[in-house]
Amino acid sequence: MPTTTSAAALLLAAAAAGVATASTCSAPGCIPEESEEVGLLQAKAQPAAGAGSARSLLSRREGKAMVCIFTTGGAEQLSCGDCPDNTSSKCGIGRRMDNRTLQMAMAVKEGVEEYGGVDVTLHDIRFEGGCPSETQVATNCDAIILGSPVWTAMPATDMVAFSGKWSRKGNKFICKIGAAFTTGQAMYAGTENTMRILHSRLETLQMIIVGGSDWQTNPGAAAVTGHGAYKTDKGDSSSFSNAESLLEHSPDPVEEGAFTGVDEMFLSQGRGLGFRVAAVVKVAFEGNLTKTKEGACQLYPGLKTAPAGEEGH
């Protein structure tokens, strides 16, 4: 059965996962009518170079591999914090405030940290600081884990747009480690396909794909969020009938307005994915495999991509 917690307990879980808020409610992207609640309940991922972040893409620790997790609740356009219409609940770019995929991202991060020996950073591309440049990603990330909700059996539009900014030219991502996770409403409605599409994007960049920690979760990690016993709340303030009063309570369990989060079975699979990625990237980094310019991973010199006699045409 799904795990049930209070809103305050969810906030504590976010804090324990080391996820920092990205911007204040006066910044672009906040929803005026529920700005305080959204700011507290979102547990937004840390910005690329935000003040107060324990570690960002711009301050990687020398001698350690960096695992970069990019997640989204979904948006019809890539936002990265931009909110063209502050009067709209979707910001004018179709941005969803659903945080179930972020719960999985936090679990993946916990798995990386549990393995240890590598750095990890978590970014929600819906918010300011969540979209570092291609150069930052290629230079600092040794492993890239992409997470997205299922949108009609495919990844959300903003995750496709964000990862689509990375170019295969110059082999900047060759032999880096890649992985994926997702959340979906139902058991048979696109979770595996969404992960496979994210894999395809990373494979096109010549990255090495790591799957889940067990044969039953071989593509990565996926959470069912709306089917039968696994139906969950979205994680934004609209999920609570008394969100304002919950925020005034202490972290003690609150029965009224209880929040139903992603089931622990799925969260454990997220942690398992992070654990496995950490194990693989640590060895790859120490073997000089993920340093694309001077690293051990190079293109095969005898590779032919055109029929004999047509090279150069």
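The values are calculated or read from the model by the stated rules, or taken from the named source; none is laboratory data. If you're wondering where the values come from, they're calculated on a predicted model, not measured in any experiment. Note that we place each Cβ from the backbone using ideal geometry, even for glycine, and neighbour counts take in every protein chain shown.
The table for this structure:
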{"read-out": "Residue that is nearest to V120 (Cα to Cα), among those in region 178-224 that are under 18 Å from the mean Cα position of the chain (by Cα) and of a type in the set (D, E)", "value": "E203"}
{"read-out": "Conditions (1) in contact with a Gly (Cβ under 7 Å, 6 or more places away or on another chain); (2) part of a loop (DSSP other than H, G, I, E, B); (3) crowded, with 19+ Cβ neighbours inside 10 Å; (4) modelled with pLDDT under 80: number failed by S213", "value": "(4)"}
{"read-out": "Conditions (1) touching an Asp or Glu at 6+ places or on another chain (Cβ under 7 Å); (2) at pLDDT 90 or above; number of the one not met by T194", "value": "(1)"}
{"read-out": "Residue list for region 258-288, filter: of a type in the set (D, E) and under 19 Å from the mean Cα position of the chain (by Cα)", "value": "D263, E264"}
{"read-out": "Residue tally, condition assigned to a strand (DSSP E or B) and either within 18 Å of V160 (Cα to Cα) or of a type in the set (G, A, S) (or both), over region 187-210", "value": "1"}
{"read-out": "Some residue of region 202-211 being within 24 Å of M97 (Cβ to Cβ) and among the acidic types (D, E)", "value": "no"}
{"read-out": "Qualifying residue in region 238-252 (condition: of a type outside the set (A, V, I, L, M, F, W, C) and at pLDDT 85 or above)", "value": "no"}
{"read-out": "Selection from region 216-235 of residues that are of a type in the set (G, A, S) and in a loop (DSSP other than H, G, I, E, B)", "value": "G220, G226, G235"}
